[in-house]
Amino acid sequence: MPARLEQFAKECHDILKADPGPSGRKKIASRLQGLLQDRGFVGESLTDATPERQVLYEDPELGFCILAHSYKSAKTSPPHDHGPSWAIYGQAKGETDMTDYALVEPAAEGKPGKARALRTYKLTPGIAHVYNEGDLHSPARHGPTQLIRLEGLNMDRIKRFKFDTVA
Ligand SMILES: [Fe+2]
């Protein structure tokens, strides 16, 4: 693992061990914003070979993950949360139009929930944003983008519910 990434993983571990709630995540987002300005860190973590989702680090004790994402073209995701997990989206290259939603009706097994759009804002290179448990959001990417993201738990192993948008 590249040294800067290893150092960041250790910092995240120490921060979350001491402060696993929203304020600890804010500290990590602030640290990540600094790293997103660091060409060395970005170049080591995101390359031409980076796929749409790559787990760079998974913490054996706390379960959080640091991920690299590289989308070669436009990519939009429907409204979602991360179930029992939080996430931090760090924009490295390109732009994401992120929309936040209010929960109108919870989702259940086999039944999509309902969500109403609240606001849309841009994530531009150097910006990191925290989504706590249950925060509904949908990213729209209109061209190539690259991100460094964290998940409180590896979402590969967590089932996601669907949400329909209502006016
Ligand atoms: Fe998300």
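Read the figures in this text as sums done on the coordinates, not as results from a lab. Remember, predicted model here, so these are calculated numbers, not experimental data. Heads up, the Cβs are rebuilt from the backbone with ideal geometry, glycines too, and the neighbour counts pull from every protein chain shown.
Details
- Residue-count net charge about G63 - beta-carbon cut-off 11 Å; Lys, Arg +1, Asp, Glu -1: -3
- Note on segment 22-167: Rg/Rh from Cα positions, Kirkwood definition for Rh, rounded to two decimals, is 0.96.
- Per-residue HN-Hα couplings for segment 63-72 [Karplus 6.51, -1.76, 1.60; θ = phi - 60°; Hz; x = Gly/Pro]: x, 6, 10, 10, 10, 10, 10, 10, 10, 6
- Total charge dipole magnitude, segment 17-86, about the Cα centre, Cβ charges on Lys, Arg, Asp, Glu only, Debye to nearest 20: 260 debye
- Top positive-direction residue, dipole computed over the chain with Cβ charges, set H129, M1, G21: H129
- For segment 81-167, lysine pairs with C-alpha atoms less than 18 angstrom apart, excluding pairs fewer than eight positions apart on the same chain, total 5.
- Take every pair of alpha-carbon atoms less than 8 Å apart whose residues are at least six positions apart; their mean separation over the length of segment 1-75 yields a relative contact order of 26 percent.
- Cα-centre dipole for segment 21-167 with unit charges at Cβ (Lys and Arg positive, Asp and Glu negative), debye to 20: 340 debye
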